[in-house]
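Working notes, structure below.
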Amino acid sequence: MEGGGVVTHPDDEMYPSQEVLAMIAAWRFGEYPALMRFVEEQWIDCYGFFEQSTGKFEPFNGETPWKCATGGWSGNESLIDALRDNVGFWWTCWECSVRGGYYEFHVPEEAS
């Protein structure tokens, strides 16, 4: 379920389109690495950040850690809300959130 051909930011303010938010919320169960790459493409990183964690620690049990902060921007917060609306993703991948818009996710590898 890749996002090819989708109008991602329909206005000059760079807010995610309703189509993008609906795609995120309905993303197929288990295809979460692709979902994270798609959300990363939508994220406006001049407000906060969205990145695959690269530290000295190896991924835990085949999971890849991702970290993000909304920077208080409502467009990025809408992307987080869409991830939260994807119940399978949220229950599987959400690791923690901190007041101020910081989130961590541990994303399992896609099944082949």
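On the basis of being under 25 Å from Glu13 (Cα atoms) and surrounded by 15 or more Cβ atoms within 10 Å (Cβ to Cβ), does Tyr103 make the cut?
Spelling it out, Tyr103 is indeed under 25 Å from Glu13 (Cα atoms) and surrounded by 15 or more Cβ atoms within 10 Å (Cβ to Cβ).
Go through Trp94, Trp43, Trp90 for me and flag whichever is among the aromatic types (Phe, Trp, Tyr), without any contact (Cβ under 8 Å) to a residue 40 or more places away in the chain and either farther than 25 Å from Tyr15 by Cβ or exposed (fewer than 14 other Cβ atoms within 10 Å of the Cβ) (or both).
That would be Trp90, the only listed residue that is among the aromatic types (Phe, Trp, Tyr), without any contact (Cβ under 8 Å) to a residue 40 or more places away in the chain and either farther than 25 Å from Tyr15 by Cβ or exposed (fewer than 14 other Cβ atoms within 10 Å of the Cβ) (or both).
Inside the stretch 65-82, can you point out the residues that are surrounded by fewer than 19 Cβ atoms within 10 Å (Cβ to Cβ) and touching an Asp or Glu at 6+ places or on another chain (Cβ under 6 Å)?
Result: Lys67, single match.
Values quoted throughout were computed directly from the atomic coordinates according to the rules given, and no laboratory measurement underlies them. Only a predicted model underlies this, so the values are computations on that prediction, with no experimental measurement involved. Every residue, glycine among them, receives a Cβ derived from its backbone with ideal geometry; neighbour counts consider all protein chains shown.
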